[in-house]
């Protein structure tokens, strides 16, 4: 299965933008890039996903490199509530591969937000 | 229901006892997943259901772990003869289809003493 690499931790100031990077140099043509986050003492929650084009939703934006070997999750204005572990996950759109298209979580990036 | 419901939210059990953890997925979601998360660790995939069938049991750590799903809805994860290393938060998720976005429950915190 294609793997992702994320920094272990990042810090941000409240109300400033945050750019969370993810490297996935072995991504295949049928892999979607998914982002989930896990707030303290909660289960993970879906943030955003994309294939090739940049994506925006009410929570965040996803910028995907032209060669798809990296992507960046952008939180436009960090709040204290955004402090969480952010997971970048590749998921085969066809449901093939060793994981059968199931989400396989890595260690993620722990984001701290300072007031 | 509106979300994925797991019960109990907390369970303390003695080593060697059996435990059952329950997951009520979102109504109509055909796919259901179990994960566990040990303290300070990432999520470990355990098992996946499509309807009542489990095409992927690859993550179950030992034969003490089993899971079933009935009526395409409620799922139960059973751990027999619990050990201290089974202590973790057990998370359930469901999705409308197998390749859809996941909605997670809040988990069951299992402590084996």
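Only the coordinates and a few stated rules stand behind these numbers; no lab work does. Treat the numbers as computed from the prediction; the structure is a model and nothing was measured. Virtual Cβ from ideal backbone geometry, glycine too; neighbours counted across all protein chains shown.
Assorted remarks:
- Per-residue Cβ neighbour rank within 10 angstrom, fewest leading, B:7, B:87: B:7, B:87
- Sequence-separation-based contact order of chain B, relative, with Cα cut under 8 Å and 6+ spacing, percent: 37
- Max mean-square fluctuation residue, GNM over chain A, Cα-Cα springs under 10 Å, options A:104, A:33, A:48: A:104
- Globularity ratio of the protein assembly as shown, using Cα Rg and 2.2 N^0.38 Å: 1.03
- Counting Cβ atoms of other protein chains within 10 Å of each Cβ in A:30-42 and taking the mean gives 2.
- Of the peptides B:23-30, A:85-92, the ranking by mean beta-carbon count within 10 Å, highest at the top, reads A:85-92, B:23-30.
- Kirkwood-type hydrodynamic radius, chain B: 13.8 Å, calculated from all non-identical alpha-carbon pairs.
- Ranked for footprinting exposure by Cβ neighbours inside 10 Å, fewest first, B:12, B:112 give B:12, B:112.
- Residues B:14, B:44, A:15, sorted so that the one with the fewest Cβ neighbours within 10 Å comes first: B:14, A:15, B:44
- When both bridge partners sit in chain B, DSSP labels roughly 90% of those beta bridges antiparallel.
- Hydrodynamic estimate: the Kirkwood radius of chain A over Cα pairs, inserted into Stokes-Einstein at 10 °C and 1.306 mPa s, corresponds to D of 112 µm²/s.
- DSSP beta bridges in chain A [antiparallel fraction, %, rounded to 5]: 85
- Residue-averaged beta-carbon neighbours from other chains (10 angstrom radius) around B:34-46: 3
- Seen through its C-alpha gyration tensor, with square-root eigenvalues sorted a ≥ b ≥ c, region B:6-45 comes out oblate because a/c lies at 1.5 or above while a/b is not bigger than b/c.
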